[in-house]
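Here, each number is a calculation from the coordinates, and none is a lab measurement. Note that the structure is a prediction, hence the values are computed from the model and not measured. All Cβ positions, glycine included, derive from the backbone under ideal geometry; neighbour counts span all protein chains shown.
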Amino acid sequence: MDYFIELFCGGLTRGAIYALIALGYTMVYGIIGLINFAHGEIYMIGAFTAFIVATVLSIYGFPLLAIVILAGFAAVIWSSAYGYTVEKIAYKPLRHAPRLSPLISAIGMSIFLQNYVLLAQTSNFLPFPELIPEFAFMEPIAHIVGSTDIVILITTAVIMLILTVVIKGTKVGKAMRATSQDRTMAMLVGINVNRIISATFIIGSALAAIGGLLIASHIGQINFYIGFLAGIKAFTAAVLGGIGSIPGAVLGGLVLGLTESFATGYVSSDYEDVFAFSLLVLILIFKPSGLLGKAETKKV
Amino acid sequence: MLGFKEIKNGLLVSLWFVFLTFPLMVVKVDPVERIVSWRWENSIYVAIGTFVIYCVVKIIMQHRTGNAAVEKEAEQEKESIIHRVLASPKQKYTLIALLLAVAIAFPQFSSSYQTNVMTTALMYVVLGLGLNIVVGMAGLLDLGYVAFYAVGAYTYALLNHHFDLGFWAVLPIGGGMAAIFGILLGFMIVTIFIVNRLQDSRLGRAWIALREDEIACQAMGIDKRRTKLVAFALGAFWAGIIGVVFAAKTTFINPASFTFLESAIILAIVVLGGMGSIVGVILGALILILLPEYLRALSEYRMLAFGAILVAMMVFRPRGLISNIRRTYHSDKKFHPPIQH
């Protein structure tokens, strides 16, 4: 039973991180119908910025709490800035181009950013500083659930809550929902669509940055390639939950994380991807629009 | 050329990029030795580089808006020349003979490295043409195309390994290279003609109709499912054949040869060349495969440049290098006077 709970918690943690990244995919898809392949790279840049800031501050002897807060802020700010810039350079000029053209420019951007980080920093794995301490009160159950898992789960839950409030309650959120329903109509009622698209990229990138920070301190090492792998998984999670749907991305992430965790624990870590993707295929066969996606009907 | 406003914007953009690249380009930490090195000179390079690129892009943009109409006509002319050559049988056979002569002569006159590069490029031409059926003509997005390529390669490798099958085995290793090149070119020509024929066939027109409007297509009595399946099957067929060639050429395959990036590059070939255009796909494959090869001079900056070029090409030519002209039927030529050039 202990083993089951351990796998369950591990799966939830993994799923929470997938969900954080998947939200960026699903929000961008919902609003401009583009699979943003560079999103994984934004997450990687977030992790790298956090790594640089945290290491520099720890060398200069800052206290742990200040390091965590400053590294988190830096990761969010720079990831958002990159997300914003990528959209302006690579996607905005292609707004009226054929559907696949922005996809290719996204792939180009992803290759570019990966190699940019590789050249600016290093190709080696870098040890990520331990930002989340082992809590004393967690001692009795530490062999089942680590402190990092708890911190990741709580942080993710809080962020999801904030995101829900932003999207349901604020003016920006309302405008975002309107734009994703019908861009032309949104423009007609006076929404600055370009600004809303930028806002979507910034929010998605900020979420990815937090995901990057959390997972990097959980795993303990980073390199320039982590974004690509996480990006593919998160994209799978977004599709699983129904791309374009925000609760769907969270559900998809959790389902994917749990499947992987149980497959690793009870079968073998070699079969983790086989199970995850078989599940994806199965779900898509029975529900082609994903778990929470709405089936698209087209009027003629 | 550039006004005060553009210069000011350029400065702001370069300032933004200095900020953007600050943590990754300027700071470098050694977490083991605990040393921080500040590389301030990189900020200056970024600032100057961004400003220059911004100005160049602005000048190109100004230039382009003036010549847009002229360019479009020149492009259609280019496309129609190739279509005209393919249409007349005499010129068609001359072209085949010429290409075959090049294929036979090329390995004799160039190094084995050059032959190798060209072989790879031709393989991607056929892969691109195969995917073009699925993506370009039928309008279906296929991100797993490389799987069919892998199936072909593994089929050959396993058959060859366990049953000693495969006519490649008899080819001597030295002459094998040239033979592969020639046979590949043969494949390519066959593919071009098949795809070209397909485009004008009932099936090809059904695919294009499906791409343009699915509902109207069904209303016209086209079996949607069957048409899509045939597109996938035909696309996969070419990938399988090239998979066999690939396995024979490298004599070693593993799953790492068939990654998602490979699929993405084949897709990029189709989109970059111009969806649905055969000449475009050939051009796209040659550019995307030869470019990283000849960018080797840039050594470690090779893939950086490749990514940037991919973005730039899409931004400046969103419809691909050669956009396919739509076939229109005129009822009577007299009522449609030719456009004055």
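Laid out as a table, the results:
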{"read-out": "Centre separation in Å (Cα based) which lies between segment B:270-312 and segment A:71-140", "value": "24"}
{"read-out": "B:F193, A:F112 arranged by Cβ crowding within 10 Å, fewest neighbours leading", "value": "B:F193, A:F112"}
{"read-out": "Sites A:V267 and A:T170 - FRET efficiency at Förster radius 35 Å, r taken between beta-carbons, to 0.05", "value": "0.20"}
{"read-out": "Modelled FRET efficiency - R0 51 Å, B:Y301 with A:R99, Cβ distances, 0.05 increments", "value": "0.95"}
{"read-out": "Dipole of the protein assembly as shown, positive direction: furthest Cα of B:F4, A:A19, A:C9, with charges on the beta-carbon", "value": "B:F4"}
{"read-out": "Most mobile of A:M27, A:M160, A:M44 in a GNM of chain A (Cα contacts under 10 Å)", "value": "A:M160"}
{"read-out": "Shielding by partners - mean other protein chain Cβ count within 10 Å, residues of B:13-25", "value": "4"}
{"read-out": "Alpha-carbon Rg with Dmax, taken over segment A:144-191, Å", "value": "16.6, 55"}
{"read-out": "Number of partner chain Cβ atoms within 10 Å, mean per residue of B:27-34", "value": "5"}
{"read-out": "Label-point separation in nm, B:M220 to A:T85, each point 7 Å along Cα→Cβ", "value": "4.7"}
{"read-out": "Gain in span if fully extended, B:I7 to B:H162, counting 0.36 nm per residue against the direct Cα distance", "value": "49.0 nm"}
{"read-out": "Average Cα contact separation per residue, segment B:245-308, under 8 Å, 6 or more apart, as relative contact order %", "value": "17"}
{"read-out": "Packing rank of A:167-179, B:214-226, A:223-235, B:20-32, where each peptide gets the mean count of other beta carbons within 10 Å, highest leading", "value": "A:223-235, B:20-32, A:167-179, B:214-226"}
{"read-out": "Length gained when the stretch B:D213-B:L99 is fully extended (0.36 nm per residue, less Cα-Cα span)", "value": "37.3 nm"}
{"read-out": "D_trans [Stokes-Einstein, Kirkwood Rh over alpha-carbon pairs] for the protein assembly as shown, 10 °C, 1.306 mPa s, µm² s⁻¹", "value": "59"}
{"read-out": "Cα-centred dipole magnitude for the protein assembly as shown, charges only on beta-carbon of K, R (+1) and D, E (-1), debye, nearest 20", "value": "2740"}
{"read-out": "Shape of segment A:2-286, Cα gyration tensor, a/c cut at 1.5", "value": "prolate"}
{"read-out": "Size of segment A:224-300 as Cα extents on the principal axes (Å, biggest first)", "value": "49, 31, 18"}
{"read-out": "Label-reachable residues, segment B:27-68, where backbone N falls under 15 Å from a point 7 Å from B:W16's Cα toward its Cβ", "value": "B:47, B:50-55, B:57-58"}
{"read-out": "Within segment A:65-147, trypsin sites (Lys or Arg not before Pro) in DSSP loop having at most 15 other beta-carbon neighbours inside 10 Å", "value": "A:R95, A:R99"}
{"read-out": "DSSP-loop GluC sites (Glu not before Pro) across segment B:1-60, with at most 14 other Cβ within 10 angstrom", "value": "B:E33"}
{"read-out": "Relative contact order [Cα under 8 Å, 6+ residues apart], segment A:2-286, whole percent", "value": "40"}
{"read-out": "For residues of A:124-132, the mean tally of beta carbons on other chains within 10 Å", "value": "1"}
{"read-out": "Helix runs (DSSP H) in chain A reaching 18 Å along axis by Cα, Kyte-Doolittle at least 1.0", "value": "A:2-32, A:39-59, A:64-86, A:101-120, A:147-169, A:193-219, A:226-241, A:246-262, A:272-286"}
{"read-out": "Cα gyration tensor shape of segment B:226-317, rounded if a/c is under 1.5, else prolate or oblate by comparing a/b with b/c", "value": "oblate"}
{"read-out": "Efficiency of FRET from Cβ geometry, A:S289 and A:S147, R₀ 41 Å, rounded to 0.05", "value": "0.60"}
{"read-out": "Bins of 10 Å from zero: percent of alpha-carbon pairs in segment B:88-333", "value": "7, 28, 35, 22, 7, 1, 0"}
{"read-out": "Estimated distance in nm for a label pair at B:V151 and B:L261, the labels positioned 7 Å out from Cα along Cα-to-Cβ", "value": "2.5"}
{"read-out": "Where labels lie 7 Å past Cα in the beta-carbon direction, separation of A:E130 and A:L161 in nm", "value": "2.8"}
{"read-out": "Packing-based order for A:272-278, B:13-19, A:71-77, using average beta carbon neighbours within 10 Å, highest first", "value": "A:71-77, B:13-19, A:272-278"}
{"read-out": "Proxy reagent accessibility, fewest Cβ within 10 Å first, across B:E262, A:E134", "value": "A:E134, B:E262"}
